[in-house]
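This report refers to the structure that appears directly beneath it.
The numbers here are math on the coordinates, done by the rules we state, and not lab data. Note that the structure is predicted; figures quoted are calculated from it, not measured.
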Amino acid sequence: MQSSTGAPLYSSKIIKSSALLADTYALLAGWDETLGVEDNLARIKRENLLGKASRSRLEDILAAFRRRYFSDPSVGLSISVLVKAGLQTDVIIPLLYYHSAKEDRLLYDVVTQVLASLRAFGQDSISHTEMYSICRALN
C-alpha cells in the first residue's frame, strides 16, 4: 500500500523496535531532566544503560525511543516524571502504546482498524498467525 505521494505507507522499522516496554521503562526511569534530549541519548548510549551486547541494537532502540517519546521533548519528560513517581504500569502502558502507535502507521492502522473492530465484536485476543495474515493483507 502507498501513500498519496507514492511512498510506501508502511515500513519495517517496527520490527527493529517492537513494544520495548522493559527498555522504555529503564530509559524513562534513567532520564535526567536537567539534560536535553541529545545529551540524555548520548549518555544512555555511552553508559549502555540497557546492557545491550550490540551497539547497533542499542542505536535502533534509542532511535525508536526518540521518535516515539521525544519528537516533542515535553511528552517524554512528562512520562518520565510519571514513571519516576511510581505511577502504576496499567496507567503508563497505554500512554506508551498511544505514542508508539502515533509514530508508526502500521501499528496505528492495526490498532484502529483491526483490533478495535475485533474488540467491538467481543474478541479480546488474536493469534500471531491471524495477525500476520491481517498485516500481509494491509500491505
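Enumerate the aspartates and glutamates that K102 could reach by cross-link, defined here as Cα to Cα under 15 Å, with residues fewer than 8 away along the same chain left out. List returned: D72. Here is how the number arises for the chain: DSSP H runs of 4 or more residues each give -39500 (n - 2.57), the sum is divided by the residue count, and the result at 222 nm is -18500 deg cm²/dmol.
Cross-link partners for K84 among the aspartates and glutamates, with Cα-Cα distance under 12 Å and sequence neighbours closer than 8 places in the same chain left out: D32, E33. For volume of the Cα convex hull per residue in Å³, the candidate list reads (1) 101; (2) 165; (3) 138; the entry that matches the value derived from this model is (3).
3J(HN,Hα) along the range 36-45, derived from phi through the Karplus expression 6.51 cos²θ - 1.76 cosθ + 1.60 where θ = phi - 60°, amounts to x, 4, 4, 5, 5, 5, 5, 5, 4, 5 Hz, with x in place of Gly and Pro.
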